[in-house]
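Beneath this line is the structure, given in structure tokens, with notes to follow.
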Amino acid sequence: MRLHFQCCRYSIGASRIGSVIFGVMAIVILYSLMRRWFDEKQAFLIGLATIIHPWFFEVSRRARPEIYYIALGLVFLWLMVVFFDTGSRVTGFLAGVAAGLCALTHPNGLILVFSISCGAVVWLRTRAIGRLIAWGSVGFVIVILPYVIYVFWAIRDPQVSFVEQMQAGMLHSFLVSGEIVRWKSFLQWPKGLPLGVIMVVSWIAAWRRSSAADKTVATIIALFVLILPFASVNRTPRYLATTIPFFNALMVRLIWRIRAGEVRIWGHRPRLRLAVGTGVAVVYVSICITAISLMLWCLHRADLQKVIERVALVVGPEGRVYGDPIFWVGHNKYRYGPYLITFEGIPLIDAVKTMRQHDFDYVIRTAWLIGPHKGFASPPRSMPAFREGHLGDYLCRRFGTKTDEFRDPYYGPIDIYRLDWNRPFRSRRLPEW
């Protein structure tokens, strides 16, 4: 008897459902954790503040790993806190499992696990820390071991370099300037300056006359932010979305403590405390709701599938396509990738040889490039000139013939180039642009 299997049809909705589920998980675990540490009202407000944050909204609807390690990191912290209260070996083991899963989602997950572990061990003092490490290590190793075995198997291939793939951010020049770019993009400078001020003040206030839980959260933030530049060469602001639940916890705690008189503002003035607390809440909610509303308004009619279908019509089902990773969505309509982002640090001739090995037929040239988040900027009206340092642009210029061009109102101008690898290529240097 022959069995016939039909694959589920890929779609944007299908790719995002996992992120939405983990986003809900993150809020539920965050609420449960904050209720243990503080009370139900504060836990509810912290969860609500996290839901309406534009970056949390952004990562919880994208087919990317940020929301996965945010949720799993919160699960890890919650299980640690439960273990400190109960001493259950099963809970300690599950904490290690959660830590392992968090680390497997993305290298940043390992940074988050380390930050959470240090914060909890330093401030949530308990005699059971040895048992937690013992049982947690068992769970962590069981989860991580298959990946470790796979890495040792994969690096037997001389073309595979685990070290190069996991290269540290410290190897990247202009470390400080790169972080400034990341934070400016994260805050959408200068529009998000009020949010930045609230974040800084909340973090500073967490160290004064506060509980061990406040200091734990502040330590987690500090360690993650300090380690990130040295552990990642990617300057994307999305990585800072990991700190949002923790910053929001400190913000709500600040408002709550101001209202209760635990944080003094020019003496004991109830009306002033009420005005300051209310002002912080109003500024935060206004900026967040405005940002999400603009996001939905600007993109509510965007149709990526329409763009994919136009590309598929030109390249055909057997066409091998090189383009921005977003075009992977159309992998069932043409053959996509792999995608080499840049040839920075790679001899140009080697980069071109790599492209020839994959025998690409087409390059999809777009006006956008991977880089800092541009916010609500409108797409350009026309395609820019060929850009230096961008491999796709070089391939189009040197080997390509434009076969189609169109402009989408939401994704901007898009050109499709047919490649002819028979054209001679002798240059070993970066070409003149």
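The rows are residues; the columns are (1) at pLDDT 95 or above; (2) touching a Phe, Trp or Tyr at 6+ places or on another chain (Cβ under 6 Å); (3) within 17 Å of Phe360 (Cα to Cα); (4) of a type in the set (Phe, Trp, Tyr).
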| position | (1), (2), (3), (4) |
| --- | --- |
| Cys288 | yes, no, no, no |
| Gln305 | no, no, no, no |
| Val311 | yes, no, yes, no |
| Val314 | yes, no, yes, no |
| Gly323 | no, no, yes, no |
| Gly337 | no, no, yes, no |
Fill in: Failed condition for Leu48, given (1) assigned to a helix (DSSP H, G or I); (2) within 14 Å of the chain's Cα centre (by Cα); (3) over 20 Å from Leu79 (Cα atoms)
(2)
Worksheet item: Hey, any hits in the range 330-344 for a residue that's assigned by TED's automatic domain parsing to the domain that holds Pro380, assigned to a helix (DSSP H, G or I), at negative phi and in contact (Cβ under 8 Å) with a residue 60 or more places away in the chain?
Response: no
Fill in: Complete set of residues in the range 285-319 that are buried (at least 17 other Cβ atoms within 10 Å of the Cβ), in a helix (DSSP H, G or I) and of a type outside the set (A, V, I, L, M)
Cys288
Worksheet entry | Residue count, the range 190-207 (criterion: assigned to a helix (DSSP H, G or I), of a type outside the set (A, V, I, L, M, F, W, C), surrounded by fewer than 17 Cβ atoms within 10 Å (Cβ to Cβ) and without any contact (Cβ under 8 Å) to a residue 60 or more places away in the chain) | 1
Discussion item. Against the definition (out of contact with any Ser or Thr (no Cβ under 9 Å at 6 or more places or on another chain), in the same structural domain as Trp368 (by TED's automatic domain parsing) and crowded, with 16+ Cβ neighbours inside 10 Å), how does Tyr322 come out, yes or no?
Written reply: yes
Worksheet, complete the sentence: Contact list, first residue from the range 282-303 and over 24 Å from Val329 (Cβ atoms), second anywhere and part of a loop (DSSP other than H, G, I, E, B), beta-carbon distance below 6 Å, six or more apart or interchain, is Cys288/Ile52; Cys288/His53; Leu294/Phe376
Item to complete: Find all pairs meeting these conditions: Cβ atoms under 6 angstrom apart; at least six residues apart or on different chains; first residue within the range 208-235 and in contact (Cβ under 8 Å) with a residue 60 or more places away in the chain; second residue among the basic types (Lys, Arg).
Response: Arg235/Arg182
Worksheet item: Within the range 91-99, can one find any residue that is of a type in the set (Ser, Thr, Tyr), part of a helix (DSSP H, G or I) and under 23 Å from the mean Cα position of the chain (by Cα)?
Response: no
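Residue by residue through the range 86-106, note down the ones that are among the hydrophobic types (A, V, I, L, M, F, W, C), crowded, with 24+ Cβ neighbours inside 10 Å and either at pLDDT below 95 or touching a Leu at 6+ places or on another chain (Cβ under 6 Å) (or both). Steps first, please.
Just the residues of the range 86-106 that are among the hydrophobic types (A, V, I, L, M, F, W, C), to begin with: 90, 93-95, 97-99, 101-104.
Those still in the list that are crowded, with 24+ Cβ neighbours inside 10 Å too: 95, 98-99, 102-103.
If the condition is that a residue be among the hydrophobic types (A, V, I, L, M, F, W, C), crowded, with 24+ Cβ neighbours inside 10 Å and either at pLDDT below 95 or touching a Leu at 6+ places or on another chain (Cβ under 6 Å) (or both), then Ala95, Ala98, Cys102, Ala103 are the ones that fit.
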Worksheet entry | the range 400-420 - residue that is in contact (Cβ under 8 Å) with a residue 40 or more places away in the chain and more than 30 Å from the chain's Cα centre (by Cα) and, of those, surrounded by the most Cβ atoms within 10 Å (Cβ to Cβ) | Tyr417
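Do we find that Val59 is within 23 Å of the chain's Cα centre (by Cα), under 16 Å from Ile292 (Cβ atoms), in the same structural domain as Thr278 (by TED's automatic domain parsing) and not aromatic (Phe, Trp, Tyr) in this structure? Break it down stepwise before answering.
Numbers: within 23 Å of the chain's Cα centre (by Cα): yes; under 16 Å from Ile292 (Cβ atoms): yes; in the same structural domain as Thr278 (by TED's automatic domain parsing): yes; not aromatic (Phe, Trp, Tyr): yes.
Here the answer is yes, as Val59 does meet what is asked.
For the range 122-155, which residues satisfy the criterion of being closer than 23 Å to Thr86 by Cβ, assigned to a helix (DSSP H, G or I) and either without any contact (Cβ under 8 Å) to a residue 24 or more places away in the chain or of a type in the set (Phe, Trp, Tyr) (or both)? Write out each step before concluding.
Taking the range 122-155 as the starting set, the residues that turn out to be closer than 23 Å to Thr86 by Cβ are 122-143.
Imposing the further condition that a residue be assigned to a helix (DSSP H, G or I) reduces the set to 122-123, 129-143.
The answer is Trp123, Ile129, Gly130, Ile133, Trp135, Phe140.
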Worksheet item: For the range 15-26, does any single residue satisfy the condition of being closer than 23 Å to Trp256 by Cβ, in the same structural domain as Val282 (by TED's automatic domain parsing) and out of contact with any Cys (no Cβ under 7 Å at 6 or more places or on another chain)?
Response: yes
Fill in: From the options Phe114, Phe83, residue that is crowded, with 20+ Cβ neighbours inside 10 Å and over 30 Å from Ile292 (Cα atoms)
Phe83
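The values are calculated or read from the model by the stated rules, or taken from the named source; none is laboratory data. Because the structure is predicted, anything quoted here is derived from the model rather than measured. Neighbour counts run over all protein chains shown; Cβ positions are idealised from the backbone, glycine included.
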